[in-house]
1. Just want the answer: with Cβ charges of +1 for Lys and Arg and -1 for Asp and Glu, which residue in Ser459, Ile393, Leu378 is farthest toward the dipole's positive end in region 336-463?
2. Could you calculate the contour length gain from Gln500 to Arg212, that is, 0.36 nm times the residue separation minus the distance between their Cα atoms, to one decimal place in nm?
3. Can you give the three extents of the C-alpha atoms in the chain along their principal axes, from longest to shortest, in whole Å?
4. For the chain, which whole percent of the accessible surface, found with a 1.4 angstrom probe, sits on carbon and sulfur atoms?
5. Show the residues, 5+ positions off or on another chain, whose built amide H is closer than 5 Å to the amide H of Gln439.
6. How much accessible surface area, in Å² rounded to 10, belongs to the heavy atoms of Trp353 with a 1.4 Å probe?
7. Specify which residue in the list Gly242, Val312, Gly294 is farthest towards the positive end of the charge dipole of the chain, using unit charges on the beta carbon of Lys, Arg (+1) and Asp, Glu (-1), about the Cα centre.
8. If each residue of separation counts as 0.36 nm, what is the full-extension length gain between Thr374 and Asp96 once their alpha-carbon separation is subtracted?
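The values are calculated or read from the model by the stated rules, or taken from the named source; none is laboratory data. Keep in mind that this is a model prediction, so the values were computed, not measured. Please note: Cβ atoms are built from the backbone with ideal geometry, for glycine as well, and neighbour counts cover all protein chains shown. Heavy atoms of the whole protein, side chains included, go into the accessibility calculation; ligands, DNA and RNA do not. Shrake-Rupley method; radii C 1.70, N 1.55, O 1.52, S 1.80 Å.
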Amino acid sequence: MAIVPDAARRGNDPVHRSTRKPAGGQCLRWLLLPLLVWLAAVQPAAAGDAVAAVLRQRVAELRTTGRLELQGVVLGREDILAEFYARRGYQPAWDDPRRVAGLLGLIGRAAEHGLDPEDFFARRLQELAQPASGSGPAARVDLDLLLTAALIRYGYQLHFGKVDPTAMEPAWNFRRGFASDADPVSVLAAAVMAPSLEDYLRSRLPGGPWYRQLQLALASYRAIAAAGGWPAVPGGGVLRPGDRDARVPILRQRLRVEGDLPADLEVVDTESFDPGLAAAVQRFQERHALVRDGSVGARTLEALNVPAETRVDQLRLSLERVRWLADDVPDTYVVVNVAGFRVGFVRGHELAWSSRVVVGRAARQTPVFGGLMTYIDLNPTWTVPPTILREDILPKLRRDPGYLARENISVIDRNGRMVDPRGIDWKAYGRSIPYTLRQEPGPANSLGRIKFMFPNRYSVYLHDTPAKALFDKPERNFSSGCIRVDDPLALAELVLDDPQWDRRALDAAIATGRTRRVQLQTPMPVLLVYLTAVADRSGTVRFYRDVYGRDAALLAALDGPVQLRLPAVPVATGGKLGPASL
């Protein structure tokens, strides 16, 4: 057994090792080892401190100047962004590459919503997210800030729409805010930390049946446009069923693209306008609010030759208009699509009933807004609105003094007394008329036998009408702003939802000829909207002419610069923040 000298034993003994003096190169390693251990421990903390310092500096610049330029991208004052990082203690939010990839994927698919990925810095973020783009504190901070700003913009546009509806629709009164007045910074933080950003947004952003069906239609028409669209049908005389014409093969090809003409339909004579082709033309006409005569006249030809890209834009506009409504679409409601001349009753987000309507003409447009229907009048009177009295009825009275008697209209003075119209010199009055005209109940009453009231500042309501022939027109913008309903008693049963007021009871009350007011047990939301493109669950897509000329301005704004009106931010770090604009 070897005997170990005492000196060697002490060198290997942990208790005594520190007293041993290293020799040569071992001395330098002995001195550097604690330093390397210390550096390994403090370098991440030092790097984190550097990132936090840059973040603090960037946020301070944004709050002070209201402007921040990052990697060629300019941000305006965004209080949610600044407050988000302040509450995090100026720590980065996008350390997980999977979360970054998830956000970039959502942004890259923004076109599925009719939005522009470049509104969310798509190309720049893809470049900055590459490893070769830099890894210093400044580069990390710039990427982190731009990712958060992109998420704010993306969530904002999906929740509120890109365009401010009040700039497009003067009567707009729908709610625009976070549900239950949630703190937007907390919502942003929850989105960033969610296991799946896509799932989090899908559960909280608009995505009802209207929206999803429009998205499917948009994808379909984008594919059509990408494949070259459809051929233009040449002009000429009216093409009618039974004709033979060199344009017929092109018409067939055109109708196959959208599916109005089945691709497998047998054709004996390619130039013959046969019954199968006539039926396809009628399907096309029905989808475009045209006269369903099966012939290709000027209006049908015009609709056939609208480019596929224009139809894509119409679908994008409808998606934007539906986003505007996100916070005001309950489970059950009455909705009027002014552009489509239709009214619907929706229950549980499903269309339970629909009917034709007549809406305001171009000079007296039906406004777009929301209200609560609270009662129905049976056998209503009609108080002539001042504009109609001045512009429509007064000229008739000047020409025909017997007009009022034939129309069962009473004249009431400012003291509420009925006066004899035969003693009034109607030619003496212009803009100011000291009388109220009231049409009494009856078959000729302009409101028909029933009126649906949702009190509003525009004196607009839904009602019956004696002018039934107008419902046979494909485009029905003939009223002075109110909405005439083709089947008003069916609508009354639905909104009353009361077994005591079924169709038989309504008919009996109307038969008395007496005016009667029926209160709704529960107020019914009414939405007046303007959609020039709609899609249903069957996949049928309908396009309507822009009768009020509103699409062009909205499309320009949708394709224009980003404008944010962010909700107010509760401030946890001092200072006063409010709605921000970019």
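1. Ile393
2. On the way: separation 288, 0.36 × 288 = 103.68 nm, distance 3.75 nm.
This chain segment gains 99.9 nm when fully extended.
3. Extents along the principal axes: 136, 74, 48 Å.
4. Values: 15500 of 28780 Å².
Ligands and nucleic acids excluded, carbon and sulfur give 54 percent.
5. Answer set, sorted by chain and number: Trp382, Thr383, Val384, Ser410.
6. For Trp353, solvent-accessible area is about 40 Å².
7. Val312
8. Working: separation 278, 0.36 × 278 = 100.08 nm, distance 5.25 nm.
Length gained between Thr374 and Asp96: 94.8 nm.
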